[in-house]
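Beneath this line is the structure, given in structure tokens, with notes to follow.
The values are calculated or read from the model by the stated rules, or taken from the named source; none is laboratory data. Bear in mind that the values here come from a model prediction, so they are computed numbers and not experimental data. Every residue, glycine among them, receives a Cβ derived from its backbone with ideal geometry; neighbour counts consider all protein chains shown. These area figures cover heavy atoms from the full protein model, side chains too; ligands, DNA and RNA do not enter into them. Shrake-Rupley method; radii C 1.70, N 1.55, O 1.52, S 1.80 Å.
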Amino acid sequence: MSKPNHILVIRLSAMGDVAMTVPVLRALSVGYPNLKITVLTRELYTPFFRELPNVFVFPAHVKDEHKGILGLYKLAKQLKSKKIDAIVDLHNVLRTNILKWFLSGYKFVQIDKGRAEKKALTSGNIFKPLKTTHQRYAEVFEQLGFPVDLSNPMFPKKATLSSKLQDVVNPKLKVIGIAPFAAHEGKMYPLDAMKRVVEELSQEYQILLFGGGEKEISSLTEFEKTFKNVKNIAGNYLLEEQLDIISNLDVMLSMDSGNAHIAAMLGIKVVTIWGVTHPYAGFAPFNQPEDYALLSDRNQFPKIPTSVYGNKYPEGYQKASGSIAPETVVDKIKSII
């Protein structure tokens, strides 16, 4: 059977998971320049793919136009008009399995998420590194006859800042991005500890703060008012503008969350702080040294990782990352920058 000429790649959410597809799709598009790739994802994430050759985005509007069974049927009809040859499902959830049924007749391959292995990891039955999500993504393309080499990755050039953004990045200082929030409390570094990190680093470096949501923006604005050389990016710039800013960072400090993966897909050095989750589950940012991941103390919190996504943890574990001293975070950043 001949190889496909046009692949539909499905990865709808969440932001970090979509960002993790980018290094894999970049390697795929470079390795197979005649292959056309259409990515089905949320329209918001379109800028992630802006520099990938032969990669196009088809926006999924799953909250309105493509909502429910009838919406997915309509989406399937729209996708068929794109003359795709094969479908790669990097999400593998109920919604994409319904799409699979509507798109019967196409070659359809899906990611193996390793759910049983991850359950064994979070239940304490094993404690060893599992396949990375990037490896799992790559394996799906190999099933279609497109082996993907992630060992020597390429990254986009540092973005040229527009006149609007030139005032954001201080050319006289090294620039550190900090994204102190995550979807679940168990993944977050205590804010009082993060304040100490920001206070120390802002003495020598410029700090740019990333996040989203009114509560987060309020906290980050308070950081900006309290410390010198600190600027809040959250809520003030479009995603495409934020990508340009992130590409000009010297290092990003993030939780186990989307901003870590966004910075990594752009080739930025990323230091991550891990609470009740653990890199062994396969969600470490792309192409980062192992020691860039700062881990909670498993002597104090032996059940870590308590869950894959950080949404489940025993009483008393929600501030596990507080076992990482602010001095440890500062020293790691300084050793890299």
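Is it true that some residue in segment 144-155 is in contact with a Leu (Cβ under 7 Å, 6 or more places away or on another chain) and over 30 Å from ILE233 (Cβ atoms)? Scanning segment 144-155, I find at least one residue that is in contact with a Leu (Cβ under 7 Å, 6 or more places away or on another chain) and over 30 Å from ILE233 (Cβ atoms), so the answer is yes. Entry remark, segment 271-306: residues being of a type in the set (Gly, Ala, Ser), within 18 Å of the chain's Cα centre (by Cα) and at negative phi number 4 in total. All of (1) under 24 Å from the mean Cα position of the chain (by Cα); (2) surrounded by fewer than 16 Cβ atoms within 10 Å (Cβ to Cβ) hold for ARG136 with one exception: (2). Among strands (runs of 3 or more DSSP E) entirely within segment 205-323, having at least 3 residues that are in contact (Cβ under 8 Å) with a residue 40 or more places away in the chain singles out 251-255, 270-274.
Is there a residue in segment 163-182 that is in a strand (DSSP E or B), crowded, with 19+ Cβ neighbours inside 10 Å, under 17 Å from the mean Cα position of the chain (by Cα) and among the aliphatic types (A, V, I, L, M)? Yes, because at least one residue in segment 163-182 is in a strand (DSSP E or B), crowded, with 19+ Cβ neighbours inside 10 Å, under 17 Å from the mean Cα position of the chain (by Cα) and among the aliphatic types (A, V, I, L, M).
Put simply, of GLU117, GLU51, GLU65 the only residue that is assigned to a loop (DSSP other than H, G, I, E, B), over 21 Å from ILE7 (Cβ atoms), open to solvent by 30 Å² or more (accessible area, probe 1.4 Å) and out of contact with any Cys (no Cβ under 7 Å at 6 or more places or on another chain) is GLU65.
Filtered by the rule that a residue be open to solvent by 50 Å² or more (accessible area, probe 1.4 Å), charged (D, E, K, R) and within 23 Å of THR306 (Cβ to Cβ), segment 183-217 gives GLU185, ASP192.
Scanning segment 14-44 for residues that are in contact (Cβ under 8 Å) with a residue 60 or more places away in the chain and either surrounded by fewer than 18 Cβ atoms within 10 Å (Cβ to Cβ) or hydroxyl-bearing (Ser, Thr, Tyr) (or both) gives ALA14, THR21, VAL30, GLY31, TYR32, LEU44. Here segment 307-337 is the region considered, the condition is being of a type in the set (S, T, N, Q) and under 20 Å from the mean Cα position of the chain (by Cα), and the residue that is nearest to PRO289 (Cα to Cα) is SER321. LEU70: modelled with pLDDT of 95 or more and either aromatic (Phe, Trp, Tyr) or surrounded by 18 or more Cβ atoms within 10 Å (Cβ to Cβ) (or both), yes or no? Answer is no for this residue.
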